[in-house]
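The values are calculated or read from the model by the stated rules, or taken from the named source; none is laboratory data. Computed from a prediction, not measured in an experiment: that's the story for all the values here. Cβ: placed from backbone, ideal geometry, glycine included. Neighbour counts: every protein chain shown.
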Amino acid sequence: MSDLRLLVINSTTREGRFSDHVGQWVVDGLRARTGAEVELLDLRDHLLPYFDGPSPARSPREYREDAVRAFAERVDAADGFVVLTGEYNHGYTAVLKNALDWTFVEWNHKPISFVGWGNVGGARAIEQLRAVSIELEMAPLRHAVHILPAQLMQVRQSGSSEALGELDPRLDLLAQDLTWWARALQVARQPVG
């Protein structure tokens with residue numbers, strides 16, 4: 001088992017969501033390409049209340065809610081992330097924004113990449129997430145996977161993620177980049193002395 005832990009975050013919670021097809025394709029792809037321990041974190045399984053607490057940047061790892069603690073511990077244990085996001089009204093999901101707002105230090109000094117879908121392959125949502133990840137003191141990576149409407153419709157119509165195979169070269173780049181940054185920042189996060 002690898003000492004490198006990657007977390008794939010499914011950030012959509014709608015019924016009949018497209019992300020279930022994408023999630024398994026990404027998890028399987030990362031496992032095959034990275035040698036890392038890869039887990040899927042589904043925000044459906046982490047029903048967080050709407051953020052109403054003190055700033056997590058000022059009160060790190062102080063959790064009033066068990067649900068927040070469970071989510072934060074999974075994030076804290078990871079060395080790198082891939083966020084799966086649909087594009088909702090030119091942005092990313094509200095449930096993801098809420099989850100990000102509950103935590104802070106758990107994300108610091110770790111790389112993050114994205115797999116998006118929608119009219120422009122989720123590009124607008126991903127650009128917003130890159131800005132947010134900078135505020136969380138993360139390293140947002142250049143390589144992402146953008147699933148365009150034609151591929152999305154093929155997957156929906158077939159009920160299979162097989163059509164995503166044409167995006168394997170993009171997933172290769174994402175995996176290589178994420179693994180390099182995750183290893184480098186894993187070392188850099190170690191205490192000095």
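The figures follow:
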read-out: Residues that are in contact with a strand residue (DSSP E or B) (Cβ under 8 Å, 6 or more places away or on another chain) and within 15 Å of MET138 (Cβ to Cβ), drawn from the range 68-84; value: VAL75, ALA78, ASP79, GLY80, PHE81, VAL82, VAL83
read-out: Top-ranked residue of the range 1-44 - restricted to ones that are crowded, with 20+ Cβ neighbours inside 10 Å and touching a Gly at 6+ places or on another chain (Cβ under 6 Å), ranked as modelled with the lowest pLDDT; value: THR12
read-out: Residue satisfying all of: in the range 1-28; of a type in the set (Gly, Ala, Ser) and outside any loop (DSSP other than H, G, I, E, B); nearest to GLY122 (Cα to Cα) among these; value: SER19
read-out: Some residue of the range 155-178 being of a type outside the set (Asp, Glu), farther than 15 Å from GLY29 by Cβ and under 14 Å from the mean Cα position of the chain (by Cα); value: no
read-out: Looking only at the range 74-85, and only at residues there that are of a type outside the set (Val, Ile, Thr) and surrounded by 14 or more Cβ atoms within 10 Å (Cβ to Cβ), the one that is nearest to ALA188 (Cα to Cα); value: ASP79
read-out: Matching residues, the range 45-57, being loosely packed, with under 13 Cβ neighbours inside 10 Å, at pLDDT 90 or above, farther than 18 Å from VAL132 by Cβ and not aliphatic (A, V, I, L, M); value: PRO49
read-out: Of residues in the range 88-99 being more than 13 Å from the chain's Cα centre (by Cα) and in a helix (DSSP H, G or I), the one surrounded by the fewest Cβ atoms within 10 Å (Cβ to Cβ); value: ALA94
